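Before any comments, here is the structure.
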Amino acid sequence: MADDNIPIRRRNFLLGAGTAVAASLTPPAAEAQTAPTAPGDAEPLLTLTPTEHAFFVAAADTLIPADNLSPSGSQCGVAAFIDRQLAGAYGSGARLYRDGPFLKGKPELGYQLPLNPREFFRAGIAAANEWSRKTYGKDFDRLADADREAALQAMESGKAEFSGFSSRMFFNALLDISMEGFFADPIYGGNRDMAAWKMVGYPGLPATYREDIKKYFGKKYDKPPRSIADFS
Amino acid sequence: MTVTLKETDAVVIGVGWTGSILARELTKAGLNVVGLERGAKRMPRDDFTIPSVRDDLKYAVRQELFQDTQLETVSLRHSPSETALPIRRLGSFLPGTDLGGAGAHWNGMTWRWLPSDHRLRSHITERYGKNAIPDEMTIQDLPVSYDELEPYYDKFEKLCGVSGKAGNLRGKIVDGGNVFEGPRQNEYPNPPLAKSMAGTIMDTACRSLGYHPFQAPSSNASEVYTNFEGQTLGACEYCGHCERFGCEANAKASPNVCILPALLADSKFELRAHAQVKELVYDKAARKVKAVRYVDTRSGEEYEQPASIVILGAYVFNNVLLMLTAGIGEPYDYKTGKGAVGRNYCYQVSGNAVTVFFEDKEINPFMAAGAHGVLIDDFNGDNFDHGGLGFFGGAWIQAGPTNGRPIATRPVPPGTPRWGRDWKQATAKWYNHAFTIGASGCNYAHRENFLDLDPTYRDALGRPLIRLSYNFHDNDYKLAGYVGGVLGRVAKAMNPTVMSTPSVKKGDYSVVPYQSTHNTGGTITGTDPKTSVVNRYLQSWDADNLFVMGASVFPQNASYNPTGLVGALAYWSANAIVTQYLKSPGPLVHA
């Protein structure tokens, strides 16, 4: 089972490290769903470094753990989604006003850093791993389940003291992009096999309910979901 | 080098709702009209098609259809003593761009102001005394009465094929409609939309409390409808992709569906897309705007378009920016209260919400339209006695999902973590069993809320950004607190399995969470040139051939989504131009 966790293996290979830790990261086989499609041994990365990819995989699997409702975040393609998003227009700062001066402002004035999303996550992961090494002795993706959960909780509450970076702001951005990947249409690389839509009962496309809004009034809608690709 | 073009009869800046209406009415009157649109020529049959129109990430999250803040944005400070910072990413509000403007991706709530909203200062003074309004609350009357505007509201509703039920038909109060509305001469063009489960629960709960529920007046056509321009709207599919999206069914009224096909077929109209207006050429001595300078964003070429009539139909911020940079009128000074341009910037007191969860009810939130809720107006405007309450105004209160798109819409009971195993279990359990009751509150003008030019930050054309000095004040917090109490009562009357604590507005205005694209004021209409920018016909006091459209003319903001009044005032102003101004160009009101 440990071998299923491809990103960990990649990092272990790169670092020449042992694989013992990986076993504890895999959810119990009995209750976990299997990945709908193989994550792909050679999932190509557009922009993320292996270290960053391993971080997003570990984070996605902690935020969205595998259980009877769905495979884990990374098995659903969340890390692949993030890689594509950060490699594209969004990652390089589309629709982000980036003229200076860049001044620190109240949170109500919104994002005020000069970093585009790609740069933001690069700096944030470096800060998170540095903090993780200081606190736990190793990078975030190498931590056992319980420590990963505790680490993310410390970031969420802002108690994790990153060097030169707000851990809370980093966590909120991490949570947002992970949930986007989990719930967006599968054309972007996440939500594989519409696992997230099946989990909640969201039917996706074509979303033409003129008759169904009457027919299913007060009743559970029982049709399987379809995605943009199913109509393309 | 600027290329000077041949003079035209009228130039329209911004081809959204108001630009389309004015261009249509002026070409019908025989004028040649040039429409300058900064964005692309967007038409539904190319741009809004299945399957890509259902892309939640692209449209709702990555904001595909909105103004590109990389090029143009605004800055904000909470009080004049602070340094404003630019809004680097859109959140709180979402101005549109491209042909049709935000009219292509709104939700479709189409309201009339209450008769008392039209004469707010007079009404409050009459009912609560001449000292009732605090000094800092700089509210004014809208100088057009409800009765005068009624035919124009009616016309805009017929353009859009609004679905709804009258609550006051020629003075007769009708149960099931909004019994608080002003008298309307005609029933809505279309019957109300199909009821949702959430709306039905809301209806029952409100009736049990003695309130007066009704279905939202909606520019999502409940039936196929052909308007007086010969344009046909499709019937709403309840697709749950309305606000932030274009409509593939052509059921959501937009300039693109309701009016532009007719306008673009008229040889008297010339659309120039990718034409970004940079400045107005103002002749102060002649009190005219002689021309409009714009940049063709495809070539960088700069043009000067002379025109006899100039219609300013951009969004609120660009309307104010173009007036201020041209030096038309006196900029507002909050210290002295003098000057009018930038005065009375208002927004919306929203964010009051309570989420209700029903273990045994299937809500199907994804079967929804943009304006699909069941509402009450019992606590709106001055529909209830404000004696002793310490605030004025109120809110409409609504239940009914607009969508079930799960990137953003997946309510969980209070106390649920935001991630992890428990979050997953709760999300799966409650996704189809919950909805939110929300409110949209009046925002009355405050002396220290205004618009001016930012001294530091600039847009891609090198112009200063518009700077918002804006925060919520005492009246807003009290109003929200009162409305929060009503929300709690309504939620309890639904007898839900679980409910959240009604949120209470506190702290400073934040640009981060979406609230509404209901920015108003800055070029307000009034009877006195000292405290208003345009007269009752939306004609500039300082340039008689300049007419300013849109919510920037609202003296303050009622609780209602602004498009109904924006459309009615556009027809009202167009009528004045055609029947009065063309015969005798000059000031239509002598102050």
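Taking the stretch A:216-232 as the range and being exposed (fewer than 11 other Cβ atoms within 10 Å of the Cβ) and more than 7 Å from chain B (Cβ to nearest Cβ) as the test, the residues that pass are A:ASP222, A:LYS223, A:PRO224. Count of the stretch B:357-389 residues, restricted to those that are at positive phi and part of a strand (DSSP E or B), is 0.
Residues of the stretch A:173-200 that are at positive phi and in a loop (DSSP other than H, G, I, E, B): A:GLY189, A:ASN191. With respect to the conditions (1) touching a helix residue (DSSP H, G or I) at 6+ places or on another chain (Cβ under 6 Å); (2) closer than 16 Å to B:GLY103 by Cβ; (3) open to solvent by 10 Å² or more (accessible area, probe 1.4 Å); (4) away from every other protein chain (no Cβ under 14 Å), B:ASN186 falls short on a single one, namely (2). Residues of the stretch B:40-84 being among the charged types (D, E, K, R), more than 9 Å from chain A (Cβ to nearest Cβ) and open to solvent by less than 30 Å² (accessible area, probe 1.4 Å), which ones? The answer is B:ARG42, and nothing else. Would you check if A:TRP131 is closer than 30 Å to B:ALA434 by Cα, aromatic (Phe, Trp, Tyr) and without any contact (Cβ under 8 Å) to a residue 60 or more places away in the chain? Taking the combined requirement at face value, the residue does not satisfy it.
Restricting the stretch B:245-282 to residues that are within 14 Å of chain A (Cβ to nearest Cβ) and surrounded by fewer than 23 Cβ atoms within 10 Å (Cβ to Cβ) leaves a set whose member that is farthest from the chain's Cα centre (by Cα) is B:ALA249.
Inside the stretch A:43-52, can you point out the residues that are farther than 16 Å from A:GLY88 by Cβ and open to solvent by less than 40 Å² (accessible area, probe 1.4 Å)? Selection gives A:GLU43 alone.
Filtered by the rule that a residue be more than 11 Å from chain B (Cβ to nearest Cβ), in a helix (DSSP H, G or I) and out of contact with any Gly (no Cβ under 9 Å at 6 or more places or on another chain), the stretch A:156-172 gives a lone residue, A:SER157. Every condition in (1) out of contact with any helix residue (DSSP H, G or I) (no Cβ under 7 Å at 6 or more places or on another chain); (2) part of a loop (DSSP other than H, G, I, E, B); (3) open to solvent by 10 Å² or more (accessible area, probe 1.4 Å) is met by B:ALA445 except one, and the failing one is (3).
Looking across the stretch B:300-356 at every residue that is assigned to a loop (DSSP other than H, G, I, E, B) and among the charged types (D, E, K, R), the one that is surrounded by the most Cβ atoms within 10 Å (Cβ to Cβ) is identified as B:ARG343. Taking B:ARG24 as the residue in question, decide whether it is open to solvent by 30 Å² or more (accessible area, probe 1.4 Å), part of a loop (DSSP other than H, G, I, E, B) and at pLDDT 95 or above. In short, no.
B:ASP452 meets all of the listed conditions (1) surrounded by fewer than 20 Cβ atoms within 10 Å (Cβ to Cβ); (2) in contact with a helix residue (DSSP H, G or I) (Cβ under 8 Å, 6 or more places away or on another chain); (3) of a type in the set (Asp, Glu) but one, namely (1). Residue-level analysis places A:ASP185 outside the set of residues that are within 29 Å of A:ALA151 (Cβ to Cβ), in the same structural domain as A:ASN129 (by TED's automatic domain parsing) and of a type in the set (Asp, Glu). Contact annotation: residue pairs with Cβ atoms under 8 Å, 6 or more positions apart or on different chains, pairing a residue in the stretch B:564-591 that is closer than 12 Å to B:THR18 by Cβ and open to solvent by less than 40 Å² (accessible area, probe 1.4 Å) with a partner that is in a helix (DSSP H, G or I) and β-branched (Val, Ile, Thr), are B:VAL566/B:THR18; B:GLY567/B:THR18; B:GLY567/B:ILE21; B:LEU569/B:VAL553; B:ALA570/B:THR18; B:ALA570/B:ILE21; B:TYR571/B:ILE21; B:ALA574/B:ILE21.
Among the conditions (1) aromatic (Phe, Trp, Tyr); (2) out of contact with any helix residue (DSSP H, G or I) (no Cβ under 7 Å at 6 or more places or on another chain); (3) crowded, with 20+ Cβ neighbours inside 10 Å, A:PHE102 misses just one, which is (3). B:ARG88 meets each of the listed conditions (1) touching a residue at least 60 places away in the same chain (Cβ under 8 Å); (2) surrounded by 22 or more Cβ atoms within 10 Å (Cβ to Cβ); (3) not aromatic (Phe, Trp, Tyr) apart from (1).
The values are calculated or read from the model by the stated rules, or taken from the named source; none is laboratory data. Remember, it's a predicted structure, so these values are computed and weren't measured experimentally. Positions of Cβ are backbone-derived with ideal geometry, glycine not excepted, and every protein chain shown enters the neighbour counts. Heavy atoms of the whole protein, side chains included, go into the accessibility calculation; ligands, DNA and RNA do not. Shrake-Rupley method; radii C 1.70, N 1.55, O 1.52, S 1.80 Å.
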